[in-house]
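Scroll down for the structure; my scribbles are underneath it.
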Amino acid sequence: NQNKSLAGKTVLITAGPTYEAIDPVRFIGNHSSGKMGYSLADEAAKRGAKVILVSGPSSEKVSNKNIEIHKVTSAKEMFDKVFEFYDTVDIGIASAAVADYTPKVVASEKIKKNDESFTIELIKNPDILKTMGEQKKHQFLVGFALETQNEEENAIGKLHKKNLDMIVLNSLRDAGAGFKNDTNKIRIFTNTKKVEFDLKSKDSVAIDILDFIENQYLK
Ligand code: PMT
């Protein structure tokens, strides 16, 4: 993409999983690789945007000098990093798979294997995207929904509950979609539109998402 359609815009992208510590050696995590978010960061940077990529643990690499990467571990750290920059952001895209719950207590030493059963009490993490929606001024906000059932209903529910401009649904019921794969299959919803896309590489999905954002936001 030679045309710098996002020149002058700041795009903040969350990517990857979060890790919630249980003790110094263990955590609760998920299967997100970061690929979807890093593809989005690359494509936005190619289009001339200044990209702030807030990433949980991922082995993906960035090369474009328009991408400023901030590595975090937990949901709480991701929350704090996002809100360091949120006022300066034009477009926010939340592709991270953020843990909804975190251990109430983090053991300071490695937990020993003693009892036959073991319980970890979890408490709710802050919802980063929902808070972005509550604090929205000029920002154009894009969420993701990762669903396994009642996909469209849940995605549209999140569009409204989190005060988003657009939501990208990927369903684990679609082969080749979601976590880890180099491919994804998405549906995009706004308040008035629904568009369904074919299975394609995450780089191509990022192009579709950014084209859609530009059509909604820049026109
Ligand atoms: O990283 P990959 O392996 O490439 O996989 C990509 C992906 C499947 C992780 C990605 O495409 C995706 O769907 N990301 C969102 C995953 C998710 O956690 O969805 P959700 O339906 O639980 O959350 C809804 C939205 O709220 C998401 O935009 C999420 O980033 C955001 N959220 C959720 C909880 C929370 N505490 N804070 C948030 O910001």
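The values are calculated or read from the model by the stated rules, or taken from the named source; none is laboratory data. Here the structure is a predicted model, which means the values were calculated and not measured. Reconstructed Cβ throughout: ideal geometry from the backbone, glycine too, with neighbour counts over all protein chains shown.
Restricting attention to segment 136-148 and to residues that are closer than 22 Å to K202 by Cα and not hydroxyl-bearing (S, T, Y), the residue that is surrounded by the most Cβ atoms within 10 Å (Cβ to Cβ) turns out to be V142.
Does E77 fit the bill of being more than 14 Å from the ligand (Cβ to nearest atom), among the acidic types (D, E), over 15 Å from A41 (Cβ atoms) and at pLDDT 95 or above? Criteria not met by E77.
Here are D203, D182: which of them is loosely packed, with under 14 Cβ neighbours inside 10 Å, at pLDDT 95 or above and not hydrophobic (A, V, I, L, M, F, W, C)? That would be D182, the only listed residue that is loosely packed, with under 14 Cβ neighbours inside 10 Å, at pLDDT 95 or above and not hydrophobic (A, V, I, L, M, F, W, C). When segment 1-19 is filtered for residues that are within 16 Å of the ligand (Cβ to nearest atom) and touching a helix residue (DSSP H, G or I) at 6+ places or on another chain (Cβ under 7 Å), the ones remaining, listed by number, are V11, L12, I13, T14, A15, G16, T18.
When D174 is tested against the conditions (1) surrounded by fewer than 19 Cβ atoms within 10 Å (Cβ to Cβ); (2) in a strand (DSSP E or B); (3) within 12 Å of the ligand (Cβ to nearest atom), the lone failure is (2).
Among the residues of segment 151-171, those identified as more than 9 Å from the ligand (Cβ to nearest atom), free of Cβ contacts under 8 Å to residues at least 40 places away in the same chain and either among the hydrophobic types (A, V, I, L, M, F, W, C) or touching a helix residue (DSSP H, G or I) at 6+ places or on another chain (Cβ under 9 Å) (or both) are I156, L159, K161, N163, S171.
Conditions first: (1) within 10 Å of the ligand (Cβ to nearest atom); (2) farther than 20 Å from A206 by Cβ; (3) not β-branched (V, I, T). L122 passes all but one, so which condition is the exception? So L122 meets the others, but not (1).
Screening N181 with (1) in contact with a strand residue (DSSP E or B) (Cβ under 7 Å, 6 or more places away or on another chain); (2) within 12 Å of the ligand (Cβ to nearest atom); (3) assigned to a loop (DSSP other than H, G, I, E, B) gives one miss only, at (1).
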